[in-house]
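The values are calculated or read from the model by the stated rules, or taken from the named source; none is laboratory data. Since we're looking at a predicted model, the values are computed, not measured. Backbone-built Cβ (ideal geometry, glycine too); neighbour counts: all protein chains shown. Accessible surface is based on the protein model in full, side chains and every heavy atom, while ligands, DNA and RNA are left aside. Shrake-Rupley method; radii C 1.70, N 1.55, O 1.52, S 1.80 Å.
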Amino acid sequence: MPYVVRSWSLPAELEELVTAELWSHGLLGCQTVDGAEGVLAVPGGAAPAPEGGQARVRVVAWFPAGSAGEPDPLGSWFAEGVEPLGVEEAPDEDWLAAWRERAQPFPLGRSFWVDPREPEDDPARAPLVPPDGRRPLLLPARSAFGVGSHESTRLAVELLEEAALPGRDVLDVGTGTGILAFAALHLGAREALGFDVDPAAAAAARENAARNGFDLLVYAGDARALAAGVRFDWALVNVVPELILPALPAIAARVDGMVLSGILAEKGAAVLGTVEDLGFVERARAEAGEWVAFRVERPEADHLAIPPIPAALDLPEAHGTFGAIPGRDDHAEPSLQPRALGPARGGVRP
Ligand SMILES: C[S@@+](CC[C@H](N)C(=O)[O-])C[C@H]1O[C@@H](n2cnc3c(N)ncnc32)[C@H](O)[C@@H]1O
């Protein structure tokens, strides 16, 4: 399908707020270019007008076809220094094709080996053999977020690898490709449910589940669609705070621990304050560049305090179910309620 591409020049400090707002206007994807003269100039657009020394960025955003005549979604920001640069129709292109052609498998955390290539690219290609006992994650780089190359995903995976996951149930909020749910299932989680407000992401996660041999329950929608009373041990939340904080109390009420990523370092203290108010304490944090991630747990959640899996080579065997963890009889019953969630179950297919 063709797209409508809009671009704006704006003060750099507004970038996050503005892109968060664009998602509520049907945004399909966006890119930010440093400097008002960024390389993604939209033909026909007005020249950006730098303001005396103030750092500005160019935001280029893709919307569904047919939306070109709609009012500018950032109209209410014009008084704050946001300037529209142009609107145009763009043909349907596989933006990631060139990258994918060069993409090669790469390590993720201590335990995983991500293959972002198209499975059908080269039928004669030798099967993937991850080194060092790593687990394969087959995630063709398409439109859904989460092939493991972004810092926020990497930080979340690092924190997951140190978490008490064997036999636990996981809610993957903003699942994207499903990468965090698959990582959790590989690390021994018993069941995983993923959801994403982007229907294309939910579809990709479902496809990737089959590709990776998992029965992952996925839906397109937000936290409000979760059945009342359904609980999980962990929530995995790699979503920028601007988009997920409103839903966080409802998510937090269902879990005993959370991995929170997608947080700019400057927002870390505020996010941590919010989750502490919800009854959680920080257990671990990971940082990379401008990003920070936290693992938080309820202080009374003793059942999460089991030793983490020590090394990639000691991962549980990826066959059968992970329900029976020696010495974990206290948590033998699934905390997911099958009637509320439907018949699909997470875990590795036998
Ligand atoms: C940064 S990506 C994370 C993808 C993947 N979980 C990962 O870690 O790589 C954030 C995802 O959250 C989704 N999202 C944004 N707001 C959401 C909300 N309120 N509820 C559920 N999903 C949301 C987006 O569509 C996007 O796919």
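Miscellaneous remarks
- Residue that is modelled with pLDDT under 95, within 11 Å of the ligand (Cβ to nearest atom) and open to solvent by less than 10 Å² (accessible area, probe 1.4 Å), where the choices are Ala205, Ala156, Ala141, Ala201: Ala201
- Residue match in region 229-240 (condition: within 9 Å of the ligand (Cβ to nearest atom), at pLDDT 95 or above and among the aromatic types (Phe, Trp, Tyr)): no
- Selection from region 244-277 of residues that are exposed (fewer than 15 other Cβ atoms within 10 Å of the Cβ), over 27 Å from Glu13 (Cβ atoms) and away from the ligand (no atom under 14 Å from the Cβ): Ala253
- If you go through region 173-188 and keep only what is more than 8 Å from the ligand (Cβ to nearest atom) and either at pLDDT below 95 or at positive phi (or both), you end up with just Gly188.
- Any hit, region 161-171, residues being closer than 26 Å to Val57 by Cβ and either within 16 Å of the ligand (Cβ to nearest atom) or in a helix (DSSP H, G or I) (or both): no
- Taken together, the residues in region 96-134 that are surrounded by 15 or more Cβ atoms within 10 Å (Cβ to Cβ), at pLDDT below 75 and not charged (D, E, K, R) amount to 1.
- Yes/no for Val218 being within 13 Å of the ligand (Cβ to nearest atom) and touching a residue at least 40 places away in the same chain (Cβ under 8 Å): yes
- Just so you know, in region 23-39 the residues that are part of a strand (DSSP E or B) and among the β-branched types (Val, Ile, Thr) include one that is modelled with the highest pLDDT, and it is Thr32.
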